[in-house]
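**Q** Take a look at the following structure, please.
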Amino acid sequence: MKRFGKMAMVLLAAVAAAMPAQAERIKDLASVQGVRMNQLIGYGLVVGLDGSGDQTTQTPFTVQSIINMLSNLGVTLPPGTSLQLKNVAAVMVTSTLPPFARAGQQIDVTVSSMGNAKSLRGGTLLMTPLKGTDGNVYAVAQGNVLVGGVGASAGGSKVTVNHLSVGRIAAWATVERAVPTRLGEGEFVHLELNTTDFGTVQRV
């Protein structure tokens, strides 16, 4: 019996020695200090909607935005003009600036209605600056909004699949400014573990 036990231990040791060593990649355990994603946000207008835009009588910010935009383009409206628009929607534009992004790169943006627009399908986002938490403009977005939702109504019935008030513009926001980083300026590169553990720190 003892002999059998010794043989089993020898066999297990041989199998363990034959198995390849399992190692975790440092990039899966930690991140480089100072290398991070940066959130961007902007306010803009989506035009070209098929009558599904904001009801301007209930969304005064949409009307004010349109007046300001036309004024910047050299169009002056008479005082007291009542705009009854159905093809425009005020939206919030959000995006994520990846680490080491440089001017000229393209990133995706998400366009979300902030008024009472019924749908953003078929609309076009006008030039919208995207700012970081420091107030600086890091990207500019413009392009056709792709909406994944579908809606239909007939005979008093209405069916909607997914959201019609949220869409995306793929690779049509242009990075205008790189986020400054101090990586590589010093003598050391600092790592931050995803889960703090002194044993893992020692092994790394």
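**Q** Considering only residues that are surrounded by 11 or more Cβ atoms within 10 Å (Cβ to Cβ), assigned to a loop (DSSP other than H, G, I, E, B) and of a type outside the set (D, E, K, R), which ones fall in the stretch 170-189?
**A** Within the stretch 170-189, ALA178, VAL179, THR181, LEU183, VAL189 qualify.
**Q** ASP108 is checked against (1) open to solvent by 60 Å² or more (accessible area, probe 1.4 Å); (2) outside any strand (DSSP E or B); (3) closer than 30 Å to THR181 by Cα and fails just one. What number does that condition carry?
**A** Single failed check for ASP108: (2).
**Q** Now a separate question. Could you tell me which residue of the stretch 152-169 is modelled with the highest pLDDT, considering only residues that are open to solvent by 100 Å² or more (accessible area, probe 1.4 Å) and assigned to a strand (DSSP E or B)?
**A** ARG168
**Q** Scan the stretch 132-151 for residues that are modelled with pLDDT of 95 or more and of a type in the set (S, T, N, Q) and jot them down.
**A** ASN136, GLN142, ASN144 - these are the residues of the stretch 132-151 that are modelled with pLDDT of 95 or more and of a type in the set (S, T, N, Q).
**Q** Please verify whether the stretch 116-130 includes one or more residues that are in contact with a strand residue (DSSP E or B) (Cβ under 9 Å, 6 or more places away or on another chain), at pLDDT 95 or above and within 30 Å of GLN33 (Cα to Cα).
**A** yes
**Q** Filter the stretch 29-60 down to the residues that are within 30 Å of THR195 (Cβ to Cβ), open to solvent by 70 Å² or more (accessible area, probe 1.4 Å) and not polar (S, T, N, Q) and list them by number.
**A** Across the stretch 29-60, the qualifying residues are ARG36, MET37.
**Q** Run VAL63 past the list (1) part of a helix (DSSP H, G or I); (2) open to solvent by 40 Å² or more (accessible area, probe 1.4 Å) and report the number of the one that doesn't hold.
**A** Against the list (1) part of a helix (DSSP H, G or I); (2) open to solvent by 40 Å² or more (accessible area, probe 1.4 Å), VAL63 comes up short only on (2).
The values are calculated or read from the model by the stated rules, or taken from the named source; none is laboratory data. Keep in mind it's a predicted model, so treat the numbers as computed, not measured. For neighbour counting, all protein chains shown are included, and Cβ atoms are generated from backbone atoms with ideal geometry for every residue, glycine included. These area figures cover heavy atoms from the full protein model, side chains too; ligands, DNA and RNA do not enter into them. Shrake-Rupley method; radii C 1.70, N 1.55, O 1.52, S 1.80 Å.
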